[in-house]
1. Among the residues of region 18-67 satisfying the criterion of being at pLDDT 95 or above and in contact with a strand residue (DSSP E or B) (Cβ under 7 Å, 6 or more places away or on another chain), which is surrounded by the most Cβ atoms within 10 Å (Cβ to Cβ)?
2. Of everything in region 94-111 that's buried (at least 17 other Cβ atoms within 10 Å of the Cβ) and of a type in the set (A, V, I, L, M, F, W, C), which residue is farthest from the chain's Cα centre (by Cα)?
3. Please name all residue pairs, on different chains or six or more residues apart, with Cβ atoms under 8 Å, provided the first residue is in region 130-156 and is under 17 Å from His173 (Cβ atoms) and the second residue is at pLDDT below 65 and of a type in the set (Val, Ile, Thr).
4. Restricting to region 211-230, what's the tally of residues that are buried (at least 20 other Cβ atoms within 10 Å of the Cβ) and farther than 22 Å from Leu62 by Cα?
5. Which residue is surrounded by the most Cβ atoms within 10 Å (Cβ to Cβ), if the candidates are limited to region 185-210 and must be charged (D, E, K, R) and assigned to a loop (DSSP other than H, G, I, E, B)?
6. Mind counting the residues in region 252-295 that are modelled with pLDDT under 70 and part of a loop (DSSP other than H, G, I, E, B)?
7. What residue, among those in region 134-153 that are at pLDDT 85 or above and part of a loop (DSSP other than H, G, I, E, B), is surrounded by the fewest Cβ atoms within 10 Å (Cβ to Cβ)?
8. Which one of Val216, Val182, Val220 is part of a strand (DSSP E or B), at pLDDT 95 or above and not assigned by TED's automatic domain parsing to the domain that holds Cys87?
Amino acid sequence: MTNIVGPGAPYITPAMLIAAPTGISWSTIPTPRASPEQQLAEQLNICMRATAAVDDYVSTPLRATIDTETLFGPGDMRFQIRPNGTCWLVLSRPPVVSVLSGQYSASASFPPAWTPLDASKFKVYKPIMGLYGTSVPGTTDTGGQAVLMAPGVVSGSRGSVEVQVTYMNGWPHTQLMAAANVGDTTIQIDDVTGWLGACGTIRDSVGQEAAVVTAVSPTVTGSLSGPGTLTLAAPLANAHPVGTLFTTIPESVVSAAILYAVSEALVRGATAVSAPGGSGSSGGGSKSIDQYTSEAELKIHRFRPTL
């Protein structure tokens, strides 16, 4: 059965959910007599809702995205001129991986009269360390939320300028749009954002493996996001079906998504679960919905923006 959902692959799949030690009897959802197709459909829905719960709690998408954000200043807490003339811009979606471009205008201009800025005019403040020397944020690296803009771009009174910054944030995350075979050196995916130079994991319960991306070919020429083809540094060792995740999402986020999914399953009552007792629980009883949710929030709290 095809597991593709969209737009945007969930952080977990039904296969990952079923394989995890949750204690949930997933075959009883949505009903004990549901067909395999109906079970898969609802399992996918639960995965999507759990993914949304993760992003809602941290107030930002953790998957890699291309964002365009406008700030007004100087003088706003997100837009300050430093003593050396550089501008401090605090963006909304960490970790900021790179700035792609920018532009500025007098804020009193309607519509804005934009003057373009090259990416070289920006520096990421607290840049990512990179996982094993790749372009991907490490699993414990939340990176920075601010960028510095070169001196001389902004001068004027409080709130006189608007600056628009286009940047990439987050961890590359996608799903296979076509089955991959043993020996393949390219894969078809639903989102190429951030994959150039990245090392990710193909999340297949039958044959999980790591892969390094050496080239990216978007379906729409010149696009930085959306569907496309990735070229791999080495041939695949295993075959992978449509819908398999290829991801760099940290394990703590995956774990949180699974916990949110369990809390979703518990909503329908105890007939769906035979979960072991939680740490510190009395009498060996199962955890409550609030306990699963709280545990999920603890795992991802550090990913929340500072402003």
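1. Per the stated criteria, the residue is Ala64.
2. Val99
3. Close Cβ pairs satisfying both conditions: Leu131/Thr139.
4. Total meeting the criteria: 0.
5. Within region 185-210, the first condition is being charged (D, E, K, R), and the residues that meet it are 190-191, 203-204, 209.
Filter once more, keeping what is assigned to a loop (DSSP other than H, G, I, E, B): 190-191, 204.
Numbers: Asp190: 21, Asp191: 24, Asp204: 20.
Step by step, filter region 185-210, then rank; the result is Asp191.
6. Going residue by residue through region 252-295, those that are modelled with pLDDT under 70 are 268-286.
Keeping just the survivors that are part of a loop (DSSP other than H, G, I, E, B) gives 268-269, 274-276, 278-285.
Of the residues in that region, 13 qualify.
7. Filtering region 134-153 for residues at pLDDT 85 or above gives 144-153.
Filter once more, so that each one left must be part of a loop (DSSP other than H, G, I, E, B): 144-145, 150-153.
On the way: Gly144: 19, Gln145: 22, Ala150: 15, Pro151: 14, Gly152: 10, Val153: 18.
Selected residue: Gly152.
8. Details: Val182 fails: part of a strand (DSSP E or B); Val220 fails: part of a strand (DSSP E or B).
When all the criteria are applied, what remains is Val216.
The values are calculated or read from the model by the stated rules, or taken from the named source; none is laboratory data. Remember, it's a predicted structure, so these values are computed and weren't measured experimentally. Glycine also receives a Cβ, built like all others from the backbone with ideal geometry; neighbour counts cover every protein chain displayed.
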